[in-house]
1. With a ≥ b ≥ c the root eigenvalues of the C-alpha gyration tensor of segment 124-200, is it rounded (a/c under 1.5), prolate (a/b larger than b/c) or oblate?
2. Could you check how many percent of all C-alpha pairs in segment 175-331 are farther apart than 18 Å?
3. Please list 22-35, 426-439 highest first by mean number of surrounding beta-carbon atoms within 10 Å per residue.
4. Roughly how many whole Å is it from the C-alpha centroid of segment 88-118 to that of segment 408-439?
5. What percentage of all Cα-Cα pairs in the chain are separated by more than 32 Å?
6. For every helix of n ≥ 4 consecutive DSSP H residues, a contribution of -39,500 (n - 2.57) applies; sum these over the chain, divide by its total residues, and give [θ] at 222 nm rounded to the nearest 500 deg cm²/dmol.
7. For the chain, give me the percentage of DSSP beta bridges that are antiparallel, rounded to the nearest 5 percent.
8. Quick one: Karplus J couplings for segment 419-436, per residue in order, coefficients 6.51, -1.76, 1.60, θ = phi - 60°, nearest Hz, x for Gly and Pro?
Amino acid sequence: MSRLEFPREFHWGAATASYQIEGSWNVDGKGESIWDRFSHTPGNVKKGDTGDRACDSYRRQSEDVALLRELGLTSYRFSIAWPRIQPSGRGAAHAKGLDHYGKLADALLEAGIRPFPTLYHWDLPQALEDDGGWPERDLAGRFADYAELVTRALGDRISDWMIFNEPNVFTALGYLLGIHAPGRRDFEGFLRAVHNVNRAQGEAFRAMKAVRGDLRIGTAFNFSDCQPAGDAEADAAAARRWHNFTNEAFLRPTLRGTYPPLFRDGSVPIDLMDVRDGDLDVAQVPLDFVGVNLYTRTLVEDVPEDDNLGARPVLGREEGPLTDFGWEVWPDALYNVLVWISEEFGRPVLEITENGCSYADGPGPDGKVHDTRRTEFYRGYLEAVHRAIAAGADVRGYHAWSLLDNFEWAEGYEQRFGLVHVDFDTCERTIKESARWYARVVAENGFDV
Ligand code: FCB
C-alpha cells in the first residue's frame with residue numbers, strides 16, 4: 001500500500017450551477033432565462049422536467065452550506081444567475097439578486113470555505129436571446145457590463161472567479177445541435193457564437209480586473225482526451241480535428257490569441273465566424289488559472305463526406321465501464337489532458353472545476369446510499385490527478401461534480417451526479433457513502449492506494 005499526498009493548501013471542493021439547483025425561477029424579481037423558456041417548452045427535456053424547483057437551493061442556502069461544512073470541503077463552486085442580477089440583461093444591478101449571492105459568500109467564508117463562483121453557467125437572460133443571443137456581437141459588451149456589476153458588488157469578498165462554464169458545450173449544444181437552450185440549429189450562428197464568446201471573455205476579464213486588479217480570474221473549460229476510434233490514419237487525423245474543436249477553440253484564442261485549424265482542410269472559417277481586425281487581441285487574456293472540466297475520453301472517427309470538421313465521436317468501442325449516462329470511466333483521460341495543457345501552454349495554474357459520474361443509487365433499507373461505483377470513480381480519477389501533479393502539472397484544486405443530485409439539463413432528473421442524494425419530491429438531502437469517503441480524503445489531504 002502506498003499513500004497519495006496532495007500539495008499543501010490544495011482546494012477540495014464540490015460544484016453546482018444556478019439553474020440546476022436553485023429553483024425559485026420567478027421570485028424576487030428574477031428575469032426569465034433561456035433555460036426557463038427552453039424547459040417550459042414541451043419536448044425539450046426528458047419527462048417534461050424543469051428547473052422550477054430543482055433542489056430548492058435558493059431557499060435552502062444554509063442547508064447546503066451546512067452539508068459542505070459537514071463534509072469538510074474547503075471550496076464551493078457555484079454559479080450566479082445573470083437574470084437575478086439583470087432581469088432583462090441590461091441596466092442597473094438588481095439588489096435582491098446581488099444580496100442572495102452576497103449572503104452565500106458570507107456564509108461560506110464564515111464556514112472557512114472558499115466561494116468560487118462562475119458568472120455564466122448557461123442561464124442567459126431570455127431578453128438577450130430575443131435580441132439574437134450569442135451569435136450577436138453586441139452581447140460581448142452586455143456580458144462585460146454584467147461581469148463588472150457583479151465584481152463591484154462582491155469583489156471585496158470573493159477573490160477567485162470563473163467567467164464561463166464550458167464555452168464549447170453551450171455554443172455547440174445550444175446553437176448548433178439544438179439539444180440545450182436556446183435550442184437552435186444554425187451552423188453559422190454557432191460559429192459566430194464561438195467567436196463572440198471568446199471576445200466576451202476577454203472583455204469581461206478586463207472589466208473585472210479594472211474593478212479589482214487582485215482578483216484571480218479563470219474559466220471552466222470542458223476538455224476530453226480525443227483518441228482515434230480505429231487504426232486508420234484518417235481516424236487519427238479526425239481525432240486531432242476533434243481535439244482542436246473540443247479542447248482548443250476557446251483555450252488557444254484566450255491564451256495565445258489564435259484559433260487552431262478547425263476545418264478538414266486546416267482552415268479557420270474566419271468569414272463565417274465574423275472575425276474582425278483586433279478581435280483576437282481582445283480575446284487574448286492572461287487567465288490566472290485554467291479550469292478543467294473533464295469526465296471521459298472521446299473515441300473519434302473520420303467522416304469523409306463532411307468537408308467542415310469531418311469527424312464525430314463513436315459509441316460502442318469503449319473499454320472501460322460505463323456510467324448511467326453512458327460515459328466511459330477512463331481516469332487516464334484526466335491525466336493526459338492535465339499534462340497536455342501544462343506542457344503546451346507553459347504550465348498554467350490549473351483547477352479541476354468539474355469531474356464526476358452519474359449513478360442512480362438511492363437510499364437502501366438501512367437509509368444509506370451505498371454508491372460504491374462512485375467511490376471507485378473518484379479514487380481512480382484522483383489517482384490520475386496525483387500522477388499529473390507528479391509529472392509537473394500545477395493543479396491547485398479539485399471539485400467534484402456535483403454537491404447535489406440535480407437538474408441534468410436535457411436529461412432532467414434522471415442522471416444523478418451528486419455526492420449528496422436529493423429526493424426530488426421532498427428535496428430531502430442524504431449524504432452518500434462516496435461523499436463520506438471523499439470527506440476522509442479531504443480531511444487527510446490524501447488517501448491510500
Ligand atoms: C457539464 C456541465 C455541468 C453538468 C455536467 C454533468 O458539462 O458543466 O453543468 O451538467 O456536465
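Every number in this text was worked out from the coordinates using simple rules, so none of it is lab data. None of the values given here were measured: they were computed from a predicted structure. Because the Cβ atoms are built from the backbone with ideal geometry, glycine has one as well, and the counts that use them run over all protein chains shown.
1. Prolate is the answer for segment 124-200, as a/c is 1.5 or above and a/b outweighs b/c.
2. Here the tail beyond 18 Å accounts for 65 percent of pairs.
3. Result, highest mean Cβ count within 10 Å first: 22-35, 426-439.
4. Segment 88-118 and segment 408-439 have Cα centres spaced 24 Å from each other.
5. Result: 34 percent of Cα pairs exceed 32 Å.
6. Dividing the helical sum by the residues of the chain leaves -10500 deg cm²/dmol.
7. Bridges in the chain that DSSP calls antiparallel: roughly 20 percent.
8. 6, 10, 6, 10, 7, 6, 7, 10, 6, 5, 9, 10, 5, 7, 5, 4, 5, 5
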